[in-house]
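Working notes for the structure below.
The values are calculated or read from the model by the stated rules, or taken from the named source; none is laboratory data. On a predicted model such as this, the values are computed, not experimentally measured, just so you know. So basically every Cβ, Gly included, is an ideal-geometry build from the backbone, and we count neighbours across all protein chains shown. Ligands, DNA and RNA are stripped out before the accessible areas are found, and what is left, the full protein with its side chains, is counted by its heavy atoms. Shrake-Rupley method; radii C 1.70, N 1.55, O 1.52, S 1.80 Å.
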Amino acid sequence: MGKVVIPFEVVKIAEDIKAMRIRGAGRIARAAAQALKIAAEKYVEKKDLTEFIKYIDEVAKLLLSTRPTAVSLPNAVMYITSRLKRAKMKTIDEAISLIVKLSNEFIEYSKVATEKIGIIGSRRIQNGDVILTHCNSSAAVSIIINAHKQGKKIKVYATETRPKFQGYITAKALLSEGVDVTLIPDSAVRYIMKKVDKVIVGADTVAANGAVVNKIGTSNIALAAKEARVRMFVAAETYKFSPATVIGELVQIEERSPLEIVSEEYLKEHPNVKVRNPAFDVTPPEYIDAIITEEGLIPPQAAFLVLIEKYGWVIQDYFMKEFKTVKEEYEEWY
Ligand code: RUB
């Protein structure tokens, strides 16, 4: 195979995901589906189908290398590439049309799922509720806005979410709908929790045991909520459930640049200082009251059942090739 040339627009999407100009698990997944579609449409060689499949594999690899934690990304890529491989296409044109169709299908599914979560989740919000949310989750924001539109009087505490301040995005989105929002520093969560009725956060990955991986600080919030007997809800579309965790794979927690925490000057002045910047953490299932999916509300302990229903075929493939790790599987696929 000659050198694979990936279109500029696709490389740009990958760079935007990496630099967090496109961020949030749902948006990342839709951007990846969109990138595969652009890659297919921009393929010019049109000679050899095997070469085309290899080209799509390279695009998939590039997308998967951007951020490691949100499983929505590999799930979106797999939604397209695995069906493409199983479809046994005869011509490149057929393969391109299939990718375009699957990409549109995934993007539409994702948007509708977030809307459904908004409706289902809003039923859990009562008039007068004080809600605390962390980071910026479109699924969590959708719930809050739906409840507000139903005329429920609610008050929201949004954490700033250091170091990248996604809380500002949440506050802006809620304010534009007329929701009463108060920004608080992340460190004020336990202090404020006495005044909170419900915590609602999003998810980057839900593991088979119901543990939720979300923005760093989520597990501290869960601890404070449990202590204060405040209910903790997680809003997560089913493509945020990780099939690899069924066979015991661990979710990789992204560590980002120290420069998101301190300046270059500071590092020069203090060459021996060590800085860590983990972007996500894991909240155990015992700290979560319910996960709100587009199919309904489930206890975290039912995550395994969602995975079997939605990803049974992928999981079966893992078991069939039991001597390969899921990582090797992914690498082989992509
Ligand atoms: C975003 C984050 C969000 C989830 C869910 O982290 O942790 O809570 O991705 O978001 P980052 P959504 O800003 O580092 O991407 O509900 O929009 O998918």
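On segment 123-316, 52 percent of the accessible area sits on carbon and sulfur atoms, based on a 1.4 Å probe.
Taking the DSSP beta bridges with both ends in the chain, the antiparallel portion is around 35 percent. Measuring r between the beta carbons of Ala188 and Glu115 and using R0 = 25 Å, the FRET efficiency lands at 0.20. Using a 1.4 Å probe on the protein chains only, how many percent of the accessible area of segment 8-115 belongs to carbon and sulfur? Heavy-atom surface of segment 8-115 belonging to carbon and sulfur, 1.4 Å probe: 56 percent. Entry note, segment 98-186: relative contact order of 26 percent, from Cα contacts under 8 Å with a spacing of 6+ residues. Normalised per residue, the accessible area of the chain is 48 Å², obtained with a 1.4 Å probe and no contribution from ligands, DNA or RNA.
The distance between label points at Gln316 and Glu255 comes to 4.0 nm (points 7 Å beyond Cα on the Cα→Cβ vector). Under a model in which nothing but the beta-carbon of Lys, Arg (+1) and Asp, Glu (-1) is charged, segment 8-115 shows a dipole of about 220 debye around its Cα centre.
Quick one: of Lys194/Lys215; Lys152/Lys198; Lys12/Lys46; Lys116/Lys164; Lys18/Lys61; Lys42/Lys88, which pairs are farther than 25 Å apart, Cα to Cα? Exceeds cut-off: Lys116/Lys164. Under the convention that each Lys and Arg Cβ holds +1 and each Asp and Glu Cβ holds -1, the size of the dipole of the chain around its Cα centre is about 700 debye.
When only Cα pairs below 8 angstrom with a gap of at least 6 residues are kept, segment 8-115 shows a relative contact order of 36 percent. Within segment 1-45, report the trypsin sites (Lys or Arg not before Pro) that DSSP leaves as loop and that have at most 16 other Cβ atoms within 10 Å. In loop regions of segment 1-45 (DSSP not H, G, I, E or B), the sparsely surrounded trypsin sites (Lys or Arg not before Pro) are Lys3, Arg21, Lys42.
If you plug the beta carbon distance of Phe8 and Arg86 into 1/(1 + (r/R0)^6) with R0 = 30 Å, you get a FRET efficiency near 0.50.
Bridging of Lys195 to aspartates and glutamates at a Cα separation below 16 Å is possible for Asp129, Asp180, Asp186, Glu227, once same-chain residues fewer than 8 apart are set aside.
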